[in-house]
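A.B. asks: After the structure tokens below, expect a handful of questions from me.
The values are calculated or read from the model by the stated rules, or taken from the named source; none is laboratory data. Just so it is clear, the structure is predicted and the values come from calculations on it, not from any experiment. Here the Cβ positions follow ideal geometry from the backbone for every residue, glycine too, while neighbour counts run over all protein chains shown.
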Amino acid sequence: MEPLITLVAVTGLLLLAGEFGAVRFQRSEAALRGGLAAVFLLTGGAHFVGMRQELVAMVPPALPAPELLVTLTGTAELACALGLLWSRTARVSAAVLSALLVVMFPANVHASGGDVPWWDRLGPRTAVQCVFLAATVSVLVCHGRAAAGSAGTAPSDSPPGSHRS
């Protein structure tokens, strides 16, 4: 539940900052990228600190090397979280995160069994996963449109009025 709260809170705060003049966040896509970056920094960090053993236990038994898989997916989440913050890599990062959300879904199915709280059951887990997937796909689509709309150049990370060479 914490990742969903993080997505909503950080995205909302960044949108609010945009309303108060933070030029960078006046586009909802940039605020969503920031919210997603916060989510995947949180979840990617959990692959190494705090919840590592729980995440290893989530790996379906049919898959080999659960420790390695948790390390690889955590590293990918952290790298893509940072990639979302830079316009030139945001689209690729959103695509990789979208694929990861789909590929890691069997771990959510595996973890939803047994005596778990309501939010860890398959229905709520699936709904939250769909929210994250919708957000990453939105960044992928919207960022692609923004890039195409700027005559073949990537959306600027620089404030208006500044020039890049």
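A.B. asks: Going residue by residue through segment 6-14, is there one that turns out to be touching a Phe, Trp or Tyr at 6+ places or on another chain (Cβ under 6 Å) and without any contact (Cβ under 8 Å) to a residue 60 or more places away in the chain?
C.D. replies: Taking every residue of segment 6-14 in turn, at least one turns out to be touching a Phe, Trp or Tyr at 6+ places or on another chain (Cβ under 6 Å) and without any contact (Cβ under 8 Å) to a residue 60 or more places away in the chain.
A.B. asks: Among the residues of segment 24-47, how many are within 14 Å of residue 78 (Cα to Cα) and outside any helix (DSSP H, G or I)?
C.D. replies: 1
A.B. asks: Checking the condition surrounded by 14 or more Cβ atoms within 10 Å (Cβ to Cβ) and either outside any helix (DSSP H, G or I) or of a type in the set (Val, Ile, Thr) (or both), which residue from 102, 128 passes?
C.D. replies: 128
A.B. asks: When you go through 114, 83, 123, 74 one by one, which is the residue that is in a loop (DSSP other than H, G, I, E, B) and either more than 13 Å from the chain's Cα centre (by Cα) or of a type outside the set (Phe, Trp, Tyr) (or both)?
C.D. replies: 114
A.B. asks: For residue 21, only one of the following conditions fails: (1) modelled with pLDDT under 95; (2) part of a helix (DSSP H, G or I); (3) within 28 Å of residue 141 (Cα to Cα). What is its number?
C.D. replies: (2)
A.B. asks: Another question about this same structure. Limited to segment 48-71, what total is found for residues that are surrounded by 15 or more Cβ atoms within 10 Å (Cβ to Cβ) and part of a helix (DSSP H, G or I)?
C.D. replies: 8
A.B. asks: If you don't mind, another one. Which count do you get for residues in segment 34-86 that are polar (S, T, N, Q), out of contact with any Asp or Glu (no Cβ under 8 Å at 6 or more places or on another chain) and either under 18 Å from residue 11 (Cα atoms) or without any contact (Cβ under 8 Å) to a residue 24 or more places away in the chain (or both)?
C.D. replies: Here the count works out to 1.
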